[in-house]
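Only one structure is covered here, and it is reproduced in the block below.
What follows is calculated from the coordinates using simple rules that are stated; it is not laboratory data. Treat the numbers as computed from the prediction; the structure is a model and nothing was measured. When we count neighbours, we look across all protein chains shown, and the Cβ atoms used for this are built from the backbone with ideal geometry, even at glycine.
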Amino acid sequence: MIYLDHNATTPMDRRVLGAMLPYLENEWGNPSSPYRFAARARLAVERARHKIAECSGCRPEEIIFTSSGTESDNLAVRGTAYALGSRGRHIVTTAIEHHAVLNTCRALEKDGFRVTYLPVDHSGAVRIEELERSLTAETVLVTVMHANNETGVLQPVREIAALVKRRGIPFHTDAVQTAGKMPYPVCGLGADLISLSGHKLYGPKGAAALFVRETTPMSPILTGGMQEKGRRAGTENVAGIVGLAHAFSLSASLAEEEYKRLETLRDRFEQRVLASIPSAKINGAGAPRIPNTTNISFDSVDGESIVLGLDLEGVCASTGSACSTGDPEPSHVLLAMGLSSKEAQGSIRISLGRESDEKGMDAAFEALSRTVVRLRSISSV
Amino acid sequence: MGSVTSKENAEQPEYSGPVLFYNDTVVDHFVNPRNVGELTESETDGYGLVGDPSCGDQMKLWISVRSGRIEKIAFKSYGCPGAIATSSMLTDLARGRSVEDAKRITDDDVVEALGGIPERKKHCSLLGVMALQAAIKDWEAGRGLKKESGA
């Protein structure tokens, strides 16, 4: 199997599993319990918090553990909207966010919030001037993802952070695809709230975190006990949290090297595709992108058919977000970039990762080439 | 990890929700579509074009009719695996049948012959049926004008 869907999820690193096992086997105490046995679980959670803070460039108190990137996004968006709803009821986001943000904003519209969904240019990036124009005295949150999960296009998050800081508006960024993978600590982006997730980092599923700047107001969305200082109730997923921290620090230590390696592999793959598959087009190629992602449109063939064709040849790729598999509508991200419905329908996403190598990419290229040629030969278009 | 479509996966779980799941017959028709291609102009007695690429699928279908029977049938299809497999199966069901018989083929017949298709893909099976109906209409309209006695 050649796995090329790392933006959906990643295989768990053995070392991460090793770090987690003691907390599934022996150290199963509840971190909130009042005896020494459970205190070891509490210590593990706090050590994990310190580790993540260290790698991210923030203070440990600013890390909240959650169950998923989706929960982190929900907590960031709903939490600030609820906390600041009396000050204003306007939220600014983009048309290309992950559904975890997009559908949360749509839900908030039903609660009386007004939401601006900023368009993106043809390269897939939001324009800072457009964002600036959308801000009002009523704006209580700006949420713009760091790298898009479908195209890998990086958004001007640093510039946005600086802009909204001057206006005193909290800024959230969904950094699920980039946290621990860029050659700089994620809090260097300057956002007030940052979502990150373990299973995109060769860590476990069900473990994620949200960075919240100490001064940023945020209401809890899960209420109950006083875990996470009342900001996120629920008994901690101790093994998951340990795994998340381990995965995060491993990933951060490899980030610089991996960034270059993946970029070389990805660029070479794209060059081969462009050189030998007629009318193939790289979506987002005109903007800065994360190095592991390529999104390619093929004329007159359907993306889902390509993905099944690749699957039958042992290559795992996708048409877009795993959260939208089976959705008959073409990708909202590609449509927002100005692709026609037919172009968007004929697109696939290939996302590389730690086990990707030249040999695998060559085999994937051959399989892709064969699949597209075959589908074109039976296509009516 | 085997693909979800692998043969050794005998006990295939019922996927619901967003996960697409095609059975082995559907995958077989996707990989080896029957009657794929075009008929030449002289072979063609009826032609149907349905669907719209901008809506996700399109199908072209050609038939050659001899003594009221569909002697040859060919198709080309743009779309998802469901569209390709149902197009293929439809042509398999129609080939060799009398035109009157072929007219009665329904989308349910196609789905049944494939042993089922994901709920979200059921609309795909309508495309082939509509293309066949269009080709038969075309044949009916052109009969007598063209080469009805040409056999």
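When chain A is modelled as a GNM with alpha-carbon springs shorter than 10 Å, which of A:ALA245, A:ALA209, A:ALA83 fluctuates the most? Residue with maximal mean-square fluctuation among A:ALA245, A:ALA209, A:ALA83: A:ALA83.
Dimensions of the protein assembly as shown along the principal axes, based on C-alpha atoms and rounded to the nearest Å, stand at 93, 53, 44, largest first.
Evaluated with a Cβ-only charge set (Lys, Arg +1; Asp, Glu -1), the protein assembly as shown carries a dipole of roughly 1060 debye about its Cα centre, given to the nearest 20.
Per the Debye calculation on the stretch A:14-251 with a single equal scatterer at every Cα and no solvent contribution, log₁₀ I(q)/I(0) for q = 0.07, 0.11, 0.15 Å⁻¹ amounts to -0.22, -0.54, -0.96. Across peptide A:58-70, the mean count of Cβ atoms from other chains lying within 10 Å of each residue's own Cβ comes to 0. Peptide packing for A:169-175, A:195-201 was compared via the average number of neighbouring C-beta atoms within 10 Å per residue; ordered from the highest value, the list is A:195-201, A:169-175.
As a proxy for reagent exposure, ranking B:PHE30, A:PHE65, B:PHE21 by other Cβ atoms within 10 Å from fewest up yields B:PHE21, B:PHE30, A:PHE65. With θ taken as phi - 60° and the Karplus curve 6.51 cos²θ - 1.76 cosθ + 1.60 applied, the whole-hertz 3J(HN,Hα) list for the stretch B:45-51 is 9, x, 9, x, 10, 9, x Hz, x standing for glycine and proline. Over chain A, DSSP H runs of length four or greater, each weighted -39,500 (n - 2.57), average out per residue to a 222 nm ellipticity of -13500 deg cm²/dmol. Working ranking of peptides A:341-352, A:118-129 by packing, defined as the average number of other Cβ atoms within 10 Å per residue, highest first, is A:341-352, A:118-129. Inter-part distance, the stretch A:38-116 to the stretch A:164-205, computed on C-alpha centroids, equals 10 Å.
Could you tell me which of rounded, prolate or oblate describes the stretch A:299-381, using a ≥ b ≥ c as the square roots of the eigenvalues of the alpha-carbon gyration tensor, with rounded for a/c under 1.5 and, failing that, prolate when a/b is larger than b/c and oblate otherwise? Since a/c reaches 1.5 but b/c is at least a/b, the shape of the stretch A:299-381 is classed as oblate. Strictly over 27 Å apart at the Cα level, which of A:LYS205/A:LYS229; A:LYS260/A:LYS281; B:LYS60/B:LYS103; A:LYS181/A:LYS342; B:LYS76/B:LYS137; A:LYS181/A:LYS359 would you flag in this model? A:LYS181/A:LYS342, as the Cα separations exceed 27 Å there. For the stretch B:24-142, the C-alpha radius of gyration sits at 0.96 times the compact-globule guess of 2.2 N^0.38 Å, with N the residue count. May I ask for log10 I(q)/I(0) of the stretch A:1-50 at q = 0.27 Å⁻¹, from a Debye sum over the Cα atoms as equal point scatterers with solvent left out? Here the Debye-derived log intensity ratios amount to -1.01.
Taking amide H positions as modeled 1.01 Å from N, with prolines and chain starts lacking one, the residues under 5 Å from A:THR116 and 5 or more places away or on another chain are A:ILE91, A:VAL92, A:THR93.
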